[in-house]
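Before any comments, here is the structure.
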Ligand SMILES: NC(=O)c1ccc[n+]([C@@H]2O[C@H](COP(=O)([O-])OP(=O)(O)OC[C@H]3O[C@@H](n4cnc5c(N)ncnc54)[C@H](OP(=O)(O)O)[C@@H]3O)[C@@H](O)[C@H]2O)c1
């Protein structure tokens, strides 16, 4: 455990696999205490057991759309002595394959928005009193928030809403660092759901997006929109 960051605590949603687990592994190795969640209890427990070899971990199974679950995570944040970082990473794609907007089932769209937009804000509200001075909030977004990819209207517009929500939250709270972060394409379950018939083995592993997140969590960058791989490429050029 690295002494310097051993008192740091991060709450990462959706950390049982994919990007959330990759980031949790990296922070655990640097001694951050962690609070993690996911809906699937068994996979979350495997992640907890692995991470607990490096640091203290509170794993709370549940759905980010559930207010009681969010309150339980806020309680864990209080018990941990507050948060240095909240990473709103949990997200859903919606139907696979994704339907075009004219055919998009509206009850599913509501679920996508509830998970990808309302819940991140609700969790920020739930932990607002647990955020330490200078705490970082990372809302994980996507290039689908900006590009008009056909078929990506549900997920993409939810991420666009999350981005503008992050943008305004930062303007309203100059004391907080609010980052909206595009991790780029990653070889994960969500990506496979997005491209159900494709071999996605050429996509980078989520571990390749992690250094950009660590840079945001440990550096001094202003609130804003960042792409993790560009952040790391910039650092390499500066070195
Ligand atoms: N993969 C890509 O190419 C890509 C590109 C751009 C942006 N992103 C973004 O990166 C982030 C991570 O995506 P990923 O590719 O790592 O996805 P993933 O492999 O599907 O992992 C998603 C994680 O979130 C959890 N989760 C999903 N819905 C949840 C809910 N309602 N409540 C609690 N936990 C929930 C999942 O566990 P359970 O299913 O057990 O709940 C899992 O741990 C997402 O915000 C995604 O939009 C991904």
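Please state which one of 53, 68, 79 is within 14 Å of the ligand (Cβ to nearest atom), free of Cβ contacts under 8 Å to residues at least 60 places away in the same chain and surrounded by fewer than 16 Cβ atoms within 10 Å (Cβ to Cβ).
68
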Filter the range 163-201 down to the residues that are touching a residue at least 60 places away in the same chain (Cβ under 8 Å) and assigned to a helix (DSSP H, G or I), then identify the one that is surrounded by the fewest Cβ atoms within 10 Å (Cβ to Cβ). 189
Any residue in the range 137-150 that's in contact (Cβ under 8 Å) with a residue 60 or more places away in the chain: show its pairings with residues that are away from the ligand (no atom under 11 Å from the Cβ) and part of a helix (DSSP H, G or I) at Cβ separation under 8 Å, as long as the two are six or more apart or on different chains. 138/216; 138/217; 141/163; 141/166
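For the condition within 18 Å of residue 77 (Cβ to Cβ), in contact with a helix residue (DSSP H, G or I) (Cβ under 6 Å, 6 or more places away or on another chain) and either within 12 Å of the ligand (Cβ to nearest atom) or part of a helix (DSSP H, G or I) (or both), what is the one hit in 144, 126? If you could, list the steps in order and put the result at the bottom.
On the way: 144 fails: within 18 Å of residue 77 (Cβ to Cβ).
From the options 144, 126, the qualifying one is 126.
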Test: residue in the range 94-111 that is within 16 Å of the ligand (Cβ to nearest atom), within 13 Å of residue 35 (Cβ to Cβ) and touching a residue at least 60 places away in the same chain (Cβ under 8 Å): no
Looking at (1) loosely packed, with under 15 Cβ neighbours inside 10 Å; (2) over 26 Å from residue 71 (Cβ atoms); (3) at pLDDT below 95, which one does residue 229 not meet, given that it meets all the others? (1)
So how many residues does the range 22-50 have that are within 18 Å of the chain's Cα centre (by Cα), more than 15 Å from the ligand (Cβ to nearest atom) and farther than 16 Å from residue 83 by Cβ? 0
Here are some conditions: (1) within 12 Å of the ligand (Cβ to nearest atom); (2) under 19 Å from the mean Cα position of the chain (by Cα); (3) at pLDDT 95 or above. Residue 170 meets all but one. Which one does it not meet? (1)
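The values are calculated or read from the model by the stated rules, or taken from the named source; none is laboratory data. On a predicted model such as this, the values are computed, not experimentally measured, just so you know. So basically every Cβ, Gly included, is an ideal-geometry build from the backbone, and we count neighbours across all protein chains shown.
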